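A quick write-up on the structure given underneath.
Each reported figure results from applying straightforward, stated rules to the coordinates on display, with no laboratory input. These numbers come from a predicted model, not from an experiment. FYI the Cβ positions are ideal-geometry reconstructions off the backbone, even for glycines, and counts take in every protein chain you see.
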Amino acid sequence: MKIAFYSDSYAPYVSGVVRSLQRFTKGLVQQGHEVYIFAPFYYGKKFRQEIEQQSDPYATKVFRFYSVPAPTCPDYFLPIPVSLRAEKLLRRLNTDVIHTHSPFLTGQLGAILARRLGVPLFFTHHTVYHEYVHYVPAPHKATKAVVINFLKWYCRQCQHIIAPTEMTRQMILDLYKLPTPVTTLPTGVDLDPYETADPTWLKSSLGIRPEQPVILSLGRLSKEKSPGMLLQAFRIIHQHMPAAAFVFAGDGPLREALKREAAAMELGAHVHFTGPLDANQVAAAYLGADLFMFASQTETQGLVSLEAMAGGLPIVAVDASGTNAVVVHGQTGFLTPPDPEALADAALKVLQSPTLLEQFRREARQQAEQYSVTATAGRLVELYKSVIGR
């Protein structure tokens, strides 16, 4: 089968959507399918050179659109999906399915090409898009309504919609009132990097002593991920466990503000920032920590929690969409209200009980193994074939 993925972001940019694309692509290609990715090109010293962006360890081939930096986030590039050769290229590739991973820029081109070629259009609803309207310089209430109505219109053009969690699926059904089939299909976890990752890397690279307990959070350092709540929770944890260290893995617009806030709390020496990480470093970070904390309330699939569980990490997180679809309260960790004190209390309960810590570690790893890239990619192929058959 030949599949065209269209996305408004891809490597070397790092995000949950990008990781999802890479996982499904890897699983599909390993099963003998061809995956062609259409995504923006990334400019500047921070990103790799052009020749490296044209190659890919997962996809059959990556095609890049010209792009421009987003006004509100210079590290995020907006593709300009205008190409007179796009239809001809897909016909030459003999594409069986077009699968979009954004409803906006590349998603619009993907929808147009699906109609012209007469092939099924799939769409993965990765993000609760109306929760991100704070990035748009316009009245939030009006913008939110526009985004919801736009998504309704876009989803009606699709032959099938993928929701990363059951909760997201229910949101789509309740909010959009669609005739289009919606299927829950979580992103798989790639267990390969955990086999070779160095569990000592995290502490040694950040200058953390081997005996210090480490609390890790991985994700984009931006408003919707609520990293400030984690910092407030760690201030409470530090009062009871002075040796503990907190690590923010990843990057984002709030990084410098969080550094200043940590310094103001007199926690500067105990709070660490890794910056962007590659796949092997991410696995090493999970293996080198003792507990994973997460405060985001806008997740659709709980991907980072699954990754942490694959590394044997207990989870302490806000009880919110996406996260609560993969974390079993009292079995693989604790889910709490969106409150720093509640997060801190749960974290201390785990860290101060070796028996509970080991129990959660074991259960977390076992649950994560149920979400392999092979299994989830195979399910996606079944969905493709069922729509093509109709």
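Annotations
- The range 328-362 and the range 64-91: distance between their alpha carbon centers, rounded to Å: 43
- For a straight C-alpha distance cut-off of 15 angstrom, the aspartates and glutamates reachable from LYS203 (same-chain residues fewer than eight places away being disregarded) are GLU211, ASP290.
- Structural descriptor for the chain: relative contact order 15 percent, calculated from alpha carbon pairs under 8 angstrom and at least 6 residues apart.
- Across the range 192-368 the C-alpha pair distances fall into 5 Å bins from zero in the proportions 1, 9, 19, 24, 24, 16, 6, 1, 0 percent.
- The chain, helix-only ellipticity at 222 nm - DSSP H runs n ≥ 4, -39,500 (n - 2.57), divided by all residues, nearest 500: -13000 deg cm²/dmol
- The chain: most fluctuating residue of PRO69, PRO120, PRO103 per GNM, C-alpha cutoff 10 Å: PRO69
- Net charge dipole size for the chain [Lys, Arg +1 and Asp, Glu -1 on Cβ; Debye, nearest 20]: 1500
- Across the chain, the volume of the C-alpha convex hull divided among the residues equals 139 Å³ per residue.
- Note on the chain: dipole from Cβ charges, positive end direction compared against TYR43, THR274, THR95; the farthest Cα belongs to THR95.
- Summing charges over neighbours of GLU34, with a neighbour being any other residue whose Cβ is under 10 Å away from its Cβ, gives +1 when K and R count +1 and D and E count -1.
- Counting only alpha carbon atoms, the long axis of helix 140-155 and the longest principal axis of the chain meet at about 50°.
- Signed unit charges on C-beta, dipole axis of the range 322-390, positive-most listed residue PRO354, VAL387, PRO338: VAL387
- Largest mean-square fluctuation among GLU266, GLU34, GLU307, in a Gaussian network model of the chain whose springs join Cα atoms under 10 Å apart, belongs to GLU266.
- For peptides 230-242, 7-19, sequence by mean Cβ density within 10 Å, most packed first: 7-19, 230-242
- Efficiency of FRET between THR60 and GLN359 - r from beta-carbon atoms, R0 51 angstrom, step 0.05: 0.75
- Antiparallel bridge percentage (DSSP; both residues within the range 1-87; nearest 5): 30
- Cβ-Cβ FRET estimate between LEU173 and MET265, R0 fixed at 35 Å, reported to 0.05: 0.20
- Top positive-direction residue, dipole computed over the range 278-355 with Cβ charges, set THR323, ALA295, ALA284: ALA284
- Cross-link table LYS61/LYS88; LYS61/LYS177; LYS177/LYS223, entries beyond 25 Å C-alpha to C-alpha: LYS61/LYS177; LYS177/LYS223
- For the range 170-322: relative contact order, % (alpha-carbon pairs under 8 angstrom, 6 or more apart): 29
- Beta bridges per DSSP, both residues in the range 192-368: antiparallel share near 5 percent.
- Note on VAL35, VAL29, VAL68, VAL146: ascending count of other Cβ atoms within 10 Å places them as VAL68, VAL146, VAL29, VAL35, the fewest first.
- Using Cβ point charges alone (K and R +1, D and E -1), the dipole size of the range 192-368 about the Cα centre works out to roughly 220 debye.
- Max mean-square fluctuation residue, GNM over the chain, Cα-Cα springs under 10 Å, options SER217, SER372, SER83: SER83
- Compared with the alpha-carbon gap, the fully stretched path from ALA257 to ILE148 is longer by 36.1 nm at 0.36 nm per residue.
- 3J(HN,Hα) along the range 374-386: 5, 5, 5, 5, x, 5, 5, 4, 4, 5, 4, 5, 5 Hz, from the Karplus curve 6.51 cos²θ - 1.76 cosθ + 1.60 with θ = phi - 60°, whole Hz, x for Gly and Pro.
- Considering only the chain, percent of DSSP beta bridges that pair antiparallel, nearest 5: 10
- In plain terms, the residue of TYR176, TYR6 with the fewest other Cβ atoms within 10 Å comes first and the most crowded comes last, giving TYR176, TYR6.
- Distance-filtered residues of the range 274-308 - backbone nitrogen under 16 Å, label point 7 angstrom along GLN331 Cα→Cβ: 306
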